[in-house]
Amino acid sequence: MITEVPIRPGRTLADTCAAIDCRAVGRVNLSRSYDMWIDDEGLYASGPNLLATLLAALYGAAGQTYHGAAVITRVDAMGDTRPLTAVDLAHFRALLGGTCDHGYGFADSCPNC
């Protein structure tokens, strides 16, 4: 399931922990533009997250199964964590099995997203 969560400037860690319902998070760098945040204790506290594992593999971070909830954020040019844009959300929804507003699905690359 993909759910939009608010990430406020200056409150990234607190908002991410609240969204994941955890005490500590780990960062998985997906690309220059995106990070995935996961529960550091997810392996012991939660079942496998197949969407997070698939997403990481699609971005080249294969070889590990991720557990528990995950939060995806944008990384700006200064390396700071930012919330996803509407375009980012459409991209990830399409990438993870839905379709974007332009009708592109999982295996497609939308030129507008």
Quiz item: Could you give me the ³J(HN,Hα) list for the stretch 57-66, computed from phi with Karplus coefficients 6.51, -1.76, 1.60 and θ = phi - 60°, whole Hz, x at Gly and Pro?
Solution: 5, 4, 8, x, 9, 7, x, 9, 9, 9
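Please arrange TYR66, TYR44, TYR34 by how many other C-beta atoms lie within 10 Å of their C-beta, fewest to most.
TYR44, TYR34, TYR66
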Quiz item: What's the FRET efficiency of LEU13 with ARG82 using the Cβ-Cβ distance as r and R₀ = 22 Å, to the nearest 0.05?
Solution: 0.95
Quiz item: Using θ = phi - 60° and the Karplus form 6.51 cos²θ - 1.76 cosθ + 1.60, what ³J(HN,Hα) does each residue of the stretch 27-38 get, whole Hz, x for Gly and Pro?
Solution: 9, 10, 6, 8, 6, 5, 9, 9, 10, 10, 9, 10
Quiz item: Once a ≥ b ≥ c are taken as the square roots of the eigenvalues of the Cα gyration tensor of the stretch 12-95, is the result rounded (a/c under 1.5), prolate (a/b larger than b/c) or oblate (a/b not larger than b/c)?
Solution: oblate
Quiz item: Does the stretch 1-58 come out rounded, prolate or oblate by the C-alpha gyration tensor, with a ≥ b ≥ c the root eigenvalues, rounded set by a/c under 1.5 and, if not, prolate when a/b is larger than b/c and oblate if not?
Solution: oblate
Self-check item: Cβ-based exposure ranking for ASP76, ASP88, ASP15, in which fewest neighbours within 10 Å come first
Solution: ASP76, ASP88, ASP15
Exercise. Could you work out how far apart the two model spin labels at ARG27 and ALA45 are, taking each label as a point 7 Å from the Cα in the direction of the beta carbon, and quote it in nm?
Key: 2.0 nm
Quiz item: Using the Karplus equation 6.51 cos²θ - 1.76 cosθ + 1.60 (θ = phi - 60°), what ³J(HN,Hα) coupling, rounded to whole Hz, does each residue of the stretch 13-26 give in order, writing x for Gly and Pro?
Solution: 5, 5, 5, 5, 4, 5, 5, 8, 6, 9, 9, 9, 10, x
Quiz item: Under the definition of Cα pairs under 8 Å and six or more residues apart, what whole-number percent is the relative contact order of the stretch 12-95?
Solution: 27 percent
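The numbers here are math on the coordinates, done by the rules we state, and not lab data. Only a predicted model underlies this, so the values are computations on that prediction, with no experimental measurement involved. No Cβ is skipped: glycine too gets one built from the backbone with ideal geometry, and neighbour counts run over all protein chains shown.
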